[in-house]
Amino acid sequence: MLTARHLACVRGERRLFSGLDFAVGAGQWLHVQGENGAGKTSLLRILAGLAPPAAGEILWHGEPIGRLGEDYRRELLFLGHHSAVKEELTPLENLLFAARLDECALSEAAALKALARFGLKGREALPVRFLSAGQKRRVLLARLAVRQARLWILDEPFTALDVKAVDMLSALIVEHVEGGGIAILTSHQTIPLPGGQVLKI
Amino acid sequence: MNAVLAVIRRDLLLAMRRKSEVFTALFFFVIVTSLFPLGLGPEPALLKKIAPGVIWVAALLATMLGLSRLFAPDHADGTLEQLALSPAPLGLLITGKIAAHWITTGLPLVLMAPVLGLQYDLDAGALGVMVAALLLGTPLLSLIGAIGAALTLGVRGGGVLISLLVLPLYVPALIFGAGAVEAHLSGLGAAGHLSLLAALLALAVFFAPWATTAALRIALE
Amino acid sequence: MSNRLINWFRYASPQSFYPLAGKLIPWFWALAALFGLTGLYIAFFVAPTDFQQGEGYRIIFIHVPAAWMSMFIYLVMAFWAGLGLALNTRLSGMMAQALAPTGALMAFLSLWTGAFWGKPMWGTWWVWDARLTSALILFFLYIGFIALQAAIDDARRADRAGAILALVGVVNVPIIYFSVKWWNTLHQGASVSLTKAPTMAATMLWGMLIMALAFWMYSIAVALMRVRAIILEREAHTEWVKALPEVRGSTS
Amino acid sequence: MNWGSAAEFFAMGGYALYVWGSFGVCALLMIAEPILVAKRRSNILQSLRRERLAETLDNHE
């Protein structure tokens, strides 16, 4: 259960939003909507604990995330605008590094399986800079599949994906939410997923 | 701990794949130290006298060279965010990155220094002291440099700014590092200089990752 | 919570500090002028000619206060910076930013007057003396702080990055000073000995202290003036700035 | 009193260049600094007034 209370965000001189309240429980997902520059990305970064809010607080199971620290980060998966994928490394190396950084055990076999599931079979050993933009995003999707996290915070996860990949990602999110997980995402398009709350900022 | 090792391993792997960056710093070091005799003349007595200073100043500048690339690529591609969100403490991961930086830029300088020392007519004892001083001093350069790299992350003209911020802070390392060899050559013994360098290193290992992490968090907001 | 504490926090907001600083500035200017004129009078008319250094020694009446202030301002700047980092108050960062140029000016003056003193006394404009060298590095630290803040557009981010740099600097200043001093004693030629200062007459000491007070008051006055300008720049979009008499005034 | 005449005072016992070089530069900078700060303040005030004027013009239309 992620609860936000009276959140406010100030960027430079501008107040992006204030008095934001919402709660997302297990098995639910939240679609954050807003115009360009409304503060969607800022909100997600605040929720992930990367930036402090100008006012208000964020609770995870009733505890402020600042106090939870490591315990909150262990349950969280955040994917931002940038791919966080190293061009010089292969998809396999990227995936294994991400898993070790998240402190979750991932065998090479499991990693290969996840990459194959997202259509990267045969490209595991190719440096990422030889892949297309869409294929790079697929490396990230493979990370979603292998990471055991309760809370997903995804910033524009559908950009640069082809139809097939969009379907795969949607299936992944549905699976995650139905399994009792929580997902918070931003997207310009309508999201082809059932249910979900909408938050307009 | 696992995550820290992963960070070190990944940075070393990246350095291996990019090669040019590691070799640029090393070649810079070699060329600068080799140019000084050409500018100053080949008298062995003079060269012996300036050797510690020249080698240390060249080491400072060679370390500075790649410093702005310490965090910038990770910042640009979002890896830094993922480091900050790892369950492992960010300070520890950053220490890992600094360690990798030392292994790829500091350590090659230490290994290359004896060869360059021979060009300056240093004897075996002086070479030994120089290697010891560099071994203690170059991690110090990486640690202090990381603070500057973190502070100038994503800042206009960061590459020039970083030298302005970091070089004044390098002064003690330069004094004790070059002083150790000089003290040995003048028969005073280098123990005092080396132990002061070690003390500075201990202090920096303790404080520098903390300051670097605080600066990185500001850049991430 | 006591009344006094609330008042203190009230003045920690730029909005209430701005008029307070405006009221204080003339007083500090007056004090600076008073101490400055007294100090100059002592420096030139009361203090006797030094039997070793002749009239040239009178430079120390500004050299020593400038050197003291350059170090003291760095400490105060680091204090404000640390406070801003810890309590997240807006005013602290502005104070640190306002102090830096004045500190750099003091460091520059101590170098400049040091050189003008050194030339007649030691026969050279510059010696790699421990004090001169560390003053030079202190000057570089100030320049680094100013350059870092100037390079960051977001004011809050500039404050916090500057604060970290100031704190790193404050840890390093004593280390740099002692390392330079140690280096200097090892390399010291026999020709120049700076530590053997001639015993100072009481009038000289008084003159120097009063000049130091004048420099201190001057620094406060200028820093307050600058912090007022910074407040206006940073809070330009707020209602209270738009409602200020000096903003509304002369156009209507 | 140390000085017999004004000329003697300005000569500073042969140290005129050094004494006046230090005191002069010191005075110059310490006068220039507050002037620059005051200028900075009047610049920002001027732009604030201009902004305000532009706003009142908008409102009249």
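Quick notes on this structure:
- Note on B:LEU5/B:LEU61: beta-carbon distance plugged into 1/(1 + (r/R0)^6) with R0 of 30 Å gives a FRET efficiency of 0.45.
- Kirkwood's formula applied to the C-alpha pairs of region A:1-144 gives a hydrodynamic radius of 17.2 angstrom.
- Derived scalar couplings between HN and Hα for region B:99-110 equal 4, 5, 4, 5, 4, 8, 10, x, 4, x, 5, 4 Hz in order, rounded to whole Hz, by the Karplus curve 6.51 cos²θ - 1.76 cosθ + 1.60 (θ = phi - 60°), x for Gly and Pro.
- Which listed pairs, of A:LYS40/A:LYS86; A:LYS86/A:LYS200; A:LYS86/B:LYS97; A:LYS40/A:LYS113, have C-alpha distances above 22 Å, in listed order: A:LYS40/A:LYS86; A:LYS86/A:LYS200; A:LYS40/A:LYS113
- Taking Cα centre as origin and charging only the Cβ of basic (Lys, Arg, +1) and acidic (Asp, Glu, -1) residues, the dipole magnitude of chain B rounds to 300 debye.
- Listed residues A:CYS104, D:CYS26 arranged by accessible area, highest first, probe 1.4 Å: A:CYS104, D:CYS26
- Formal net charge of residues neighbouring D:GLU33 (Cβ-Cβ distance under 14 Å; K, R +1; D, E -1): +4
- Using a 1.4 angstrom probe on protein heavy atoms only, the contact between C and D buries about 3600 square angstrom of accessible area, both sides summed.
- Taking one quarter of the surface of the convex hull spanned by the alpha-carbon atoms of chain D gives a direction-averaged projected area of 6.5 nm².
- Helix runs (DSSP H) in chain C reaching 15 Å along axis by Cα, Kyte-Doolittle at least 0.0: C:14-41, C:60-87, C:90-122, C:130-151, C:155-187, C:202-234
- For A:ARG11, nonlocal amide neighbours, meaning residues 5 or more places apart or on other chains whose placed amide H falls under 5 Å from its own, are A:LEU16.
- Modelled FRET efficiency - R0 41 Å, A:THR190 with A:GLU63, Cβ distances, 0.05 increments: 0.75
- Of the trypsin sites (Lys or Arg not before Pro) in region B:1-83, those whose Cβ has at most 12 other Cβ within 10 Å and which sit in DSSP loop: B:LYS19
- Using a Förster distance of 56 Å, the FRET efficiency for C:SER16-B:ASP121 (Cβ separation, nearest 0.05): 0.25
- Pairwise Cα separations in the protein assembly as shown fall into 20 Å bins from 0 onward with the following percentages, short to long: 14, 38, 33, 12, 1.
- 5 Å-binned pair-distance histogram of region B:108-221 (Cα, whole percent): 2, 12, 19, 19, 16, 13, 9, 6, 3, 1, 0
- In chain B, taking the dipole from charged Cβ atoms about the Cα centre, the farthest positive-side position among B:SER34, B:ALA45, B:LEU185 is held by B:SER34.
- Among B:PRO209, B:PRO139, B:PRO108, residue whose mean-square fluctuation peaks in a GNM of chain B (springs only between Cα atoms under 10 Å): B:PRO108
- Charge dipole magnitude, Cβ of K and R +1, D and E -1 - the protein assembly as shown, Cα centre, debye nearest 20: 520 debye
- Radius ratio Rg over Rh of region B:2-220, counting only Cα atoms, Kirkwood formula for Rh: 0.99
- Grouping the Cα pair distances of chain C into 10 Å bins from zero gives a pair-distance distribution of 7, 25, 30, 22, 12, 4, 0, 0 percent in increasing distance order.
- In degrees, nearest ten, helix D:16-60 long axis to first principal axis of chain D (Cα): 10 degrees
- Semi-axis lengths (Å, descending) of the ellipsoid that matches the C-alpha gyration tensor of region A:83-148: 17, 12, 10
- When the surface is traced with a 1.4 Å probe over the full set of protein chains, C:MET69 keeps roughly 10 Å² accessible.
- Computed with a 1.4 Å probe on the full set of protein chains, the accessible area for C:LEU244 sits at about 20 Å².
- In the protein assembly as shown, a dipole from Cβ-located charges (positive for Lys and Arg, negative for Asp and Glu) runs towards its positive end, and of A:GLY196, C:LEU37, B:GLY96 it is A:GLY196 whose Cα lies farthest in that direction.
- Reach of B:LYS49 by Cα under 27 Å, taken over lysines that are not fewer than 8 positions away in the same chain: C:LYS181
- One quarter of the convex hull surface built on the alpha carbon atoms of region A:113-166 amounts to 4.1 nm², the projected area averaged over directions.
- Among B:LEU13, B:LEU67, B:LEU185: highest mean-square fluctuation, GNM of chain B, C-alpha pairs under 10 Å: B:LEU13
- C:THR185 paired with A:ASP162, simple spin-label distance in nm, labels 7 Å along Cα-to-beta-carbon: 7.5 nm
- Cα-Cα over 25 Å, subset of C:LYS23/C:LYS242; C:LYS23/D:LYS39; A:LYS121/B:LYS19; B:LYS48/C:LYS119; B:LYS19/B:LYS48: A:LYS121/B:LYS19; B:LYS48/C:LYS119; B:LYS19/B:LYS48
- Of B:THR24, B:THR104, B:THR95, the residue with the greatest mean-square motion in the GNM of chain B, using alpha carbon springs below 10 Å, is B:THR24.
- Selection from A:PRO53, B:LEU61, C:ALA67, by position along the positive dipole direction of the protein assembly as shown (Cβ): A:PRO53
- Extending 7 Å from the Cα toward the beta-carbon at both A:ALA105 and A:ALA8 defines two label points whose distance is 4.8 nm.
- Length gained when the stretch A:GLU124-A:GLU70 is fully extended (0.36 nm per residue, less Cα-Cα span): 16.3 nm
- For region B:28-97, size of Cβ-based charge dipole, Lys and Arg +1, Asp and Glu -1, in debye: 320 debye
- Projected label distance in nm at B:LEU38 and A:ARG117, using a 7 Å step from Cα toward the beta-carbon: 6.0 nm
The values are calculated or read from the model by the stated rules, or taken from the named source; none is laboratory data. The shown structure was predicted, so the numbers you read here are calculated from the model rather than taken from an experiment. Neighbour counts run over all protein chains shown; Cβ positions are idealised from the backbone, glycine included. These accessible areas exclude ligands, DNA and RNA; they are computed on the full protein's heavy atoms, side chains included. Shrake-Rupley method; radii C 1.70, N 1.55, O 1.52, S 1.80 Å.
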